[in-house]
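Notes for the one structure printed next.
FYI, it's all coordinate maths here, none of it is from the lab. Bear in mind the structure is a predicted one, so any value in this text is a computation, not a measurement. Here the Cβ positions follow ideal geometry from the backbone for every residue, glycine too, while neighbour counts run over all protein chains shown.
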Amino acid sequence: MTSFDHSTPFILLARVHVKPDCVNAYLEAARQVDRAVMTSEPGMIHHTFDQDPDDSLAFVWSELYANDQAFVAHVSNPPVQDYLQKHAEFGDNFQVEVYGTVGPECYALMNSLGLPVKFFKTQLGYSRV
């Protein structure tokens with residue numbers, strides 16, 4: 001694959017920070033949304049929640065989307081919306097990084113979520129996904 005657009009896979013990293021004394025509650029919220037995403041979003045190819053080795057309150061969602069439509073399905077999924085509400089209660093920071101090219105509609109949607117988003121647009125490479 002040599003061209004990248006709304007129809008190609010992209011990676012999203014969501015860096016979250018949890019309030020002190022809220023890690024167990026946050027992990028349960030993350031566990032619930034992860035299970036729901038696994039069973040209801042075929043366009044989510046990879047979905048993990050990893051803890052920072054240097055900060056026990058910092059975590060990263062690593063997500064591989066099949067295409068822009070998979071992201072639209074993700075943010076429209078009620079369990080994801082519930083998780084974001086729980087983040088507001090248990091977390092104190094949420095930053096998003098997007099690696100890959102998304103179309104203008106997905107770009108606008110990502111920017112409309114009220115979260116800081118940094119886009120890394122693909123300049124070259126290939127995908128076997």
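Structure summary
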quantity: Separation of the ASN93 and LYS121 label points, Cα + 7 Å toward Cβ, nm; calculated: 2.8 nm
quantity: Loop trypsin sites (Lys or Arg not before Pro), the range 34-129, which have at most 14 other Cβ atoms in a 10 Å radius of their Cβ (DSSP); calculated: LYS121, ARG128
quantity: 3J(HN,Hα) from dihedral phi, the range 113-128, Karplus parametrisation 6.51/-1.76/1.60, rounded to Hz, x for glycine, proline; calculated: 7, x, 10, x, 10, 10, 9, 10, 7, 5, 9, 6, x, 8, 9, 9
quantity: Spin-label model distance (nm) - ARG31 vs HIS46, 7 Å beyond Cα toward Cβ; calculated: 2.5 nm
quantity: Cross-link partners of LYS19 among lysines (Cα-Cα below 29 Å; sequence separation of 8 or more within a chain); calculated: LYS86, LYS118
quantity: 5 angstrom amide H check on GLY103, placed H, neighbours 5+ away; calculated: HIS6
quantity: For the range 52-68, Karplus couplings with θ = phi - 60° (6.51, -1.76, 1.60), whole Hz, Gly/Pro x; calculated: 5, x, 9, 8, 5, 9, 10, 9, 9, 7, 10, 10, 10, 9, 5, 5, 4
quantity: Inter-centroid distance (Cα atoms) of the range 38-61 relative to the range 83-129, Å; calculated: 14 Å
quantity: Computed P(r) (all Cα pairs; the chain; 5 Å bins; percent); calculated: 2, 10, 20, 24, 20, 13, 7, 3, 1, 0
quantity: Zone of MET38's modelled label, taken as backbone nitrogen in the range 66-89 under 17 Å from a point 7 Å along Cα→Cβ; calculated: 79-80
